[in-house]
Each structure stands twice: as C-alpha cells, then as structure tokens.
Amino acid sequence: MTRRTTAALADYLSRYGRVVEVGIGRRTDVAATLVDRGTEVTATDVHPRPVPDGVRFVRDDIVVRAERDAPPGPPYAVDAVYALNLPPELHRPTRDVAHAAGADFLFTTLGGDPPTVPVERVTLDTEAGVETLYVSRHDGSKTVR
C-alpha cells in the first residue's frame, strides 16, 4: 500500500470516531494515520501484533466471534469495522460481527477478489491510482456520510 492509498483510506475512514481494524497484520499505516487524525482505533488479529502508539490491540478471531450467539462485545463497540485486503472467506463473518455491533463494515479485497456480501462500492482516487472501498452499512442505507 502506498502512502497515497493510505491517505485516501484514512480520509474516508476518519469520518468515524471509533473503529476496529480486523486482521491488522504487519501493515499498520492506516491505523497509525487514523490515530494521528483523532480517530480511536482498536486493532485485532489472531496473532499478537505490535501496533503503533495510540492503537489498542485485542487478540481475536473474527470467525469464532461471528459464530457466538452473544453480542460482539467491547472491542466492537465502535462506529465502523474495517479490514484491508480481506480474503473472501472473512467477508461474511466480519460483516456479521460489525452489523451485530451496530457498526458499518468497510473493506478492501485482495487483487481481483469480488466482495461476497452486498456492498456499496466507493472509489477512492489517489495519485497512485484508484482504490475500491467496499461499504456495508449496518442500517442497509446506501448514503455516503
């Protein structure tokens, strides 16, 4: 991910006050940029990961969380849940957790993988090219905030 892509994603995501990044991995640039812009960020991953200053980390498995019959819980008490380069098998469980928490779900995919859940496509223009952000609003609306 380029700096320009990071900036475009952070520009869009910073409209939310509190977010969770699912599967942060080693790419922490968007989370760090969001924190710098005043967004409260929690990152999750199935493995312990170092995160930038100001980002809270919670070890979590989104698939296991989605299979529970209980509400998603404190890490997901946010305005939006997002993921970068999310593989297709995680689209539905991540969406389900986000929506159960009353949060919007936003994600990018790996290369040419299409989304496996109904979404609104938002095109983010960057100097490095175009990035597609897929948005599934918890209330089902198509209005971009």
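The values are calculated or read from the model by the stated rules, or taken from the named source; none is laboratory data. The shown structure was predicted, so the numbers you read here are calculated from the model rather than taken from an experiment. A quick note on method: Cβ atoms are made from the backbone with ideal geometry, for glycine too, and the neighbour counts reach across all protein chains shown.
Exactly one residue out of 5, 33 is over 13 Å from the mean Cα position of the chain (by Cα), among the hydroxyl-bearing types (Ser, Thr, Tyr) and within 24 Å of residue 115 (Cα to Cα), and it is 5.
Which residue is farthest from residue 9 (Cα to Cα), if the candidates are limited to the stretch 56-87 and must be surrounded by 13 or more Cβ atoms within 10 Å (Cβ to Cβ) and among the β-branched types (Val, Ile, Thr)? My answer is 63. Among the residues in the stretch 94-105, are any of a type in the set (S, T, N, Q), assigned to a strand (DSSP E or B), buried (at least 20 other Cβ atoms within 10 Å of the Cβ) and touching a residue at least 24 places away in the same chain (Cβ under 8 Å)? Checking the stretch 94-105: not a single residue is of a type in the set (S, T, N, Q), assigned to a strand (DSSP E or B), buried (at least 20 other Cβ atoms within 10 Å of the Cβ) and touching a residue at least 24 places away in the same chain (Cβ under 8 Å). Of all residues in the stretch 114-145, those satisfying the criterion of being outside any strand (DSSP E or B), of a type in the set (Val, Ile, Thr) and at pLDDT below 95 are 143, 144.
Among residues belonging to the stretch 29-53 that are hydrophobic (A, V, I, L, M, F, W, C) and either modelled with pLDDT under 95 or assigned to a loop (DSSP other than H, G, I, E, B) (or both), point out the one that is surrounded by the most Cβ atoms within 10 Å (Cβ to Cβ). Checked the stretch 29-53; the qualifying residue surrounded by the most Cβ atoms within 10 Å (Cβ to Cβ) is 51.
So which residues in the stretch 9-28 are in contact with a Ser or Thr (Cβ under 8 Å, 6 or more places away or on another chain), not in a strand (DSSP E or B) and not β-branched (Val, Ile, Thr)? Result: 9, 10, 13, 14, 16, 17, 23. Residue check: is residue 113 touching a helix residue (DSSP H, G or I) at 6+ places or on another chain (Cβ under 8 Å) and loosely packed, with under 13 Cβ neighbours inside 10 Å? It is false that residue 113 is touching a helix residue (DSSP H, G or I) at 6+ places or on another chain (Cβ under 8 Å) and loosely packed, with under 13 Cβ neighbours inside 10 Å.
One residue stands out in the stretch 73-87 among those that are in a loop (DSSP other than H, G, I, E, B) and small (Gly, Ala, Ser): the one that is farthest from residue 138 (Cα to Cα), namely 73. In the set (1) without any contact (Cβ under 8 Å) to a residue 60 or more places away in the chain; (2) outside any strand (DSSP E or B); (3) among the basic types (Lys, Arg), residue 56 fails one condition alone, (2).
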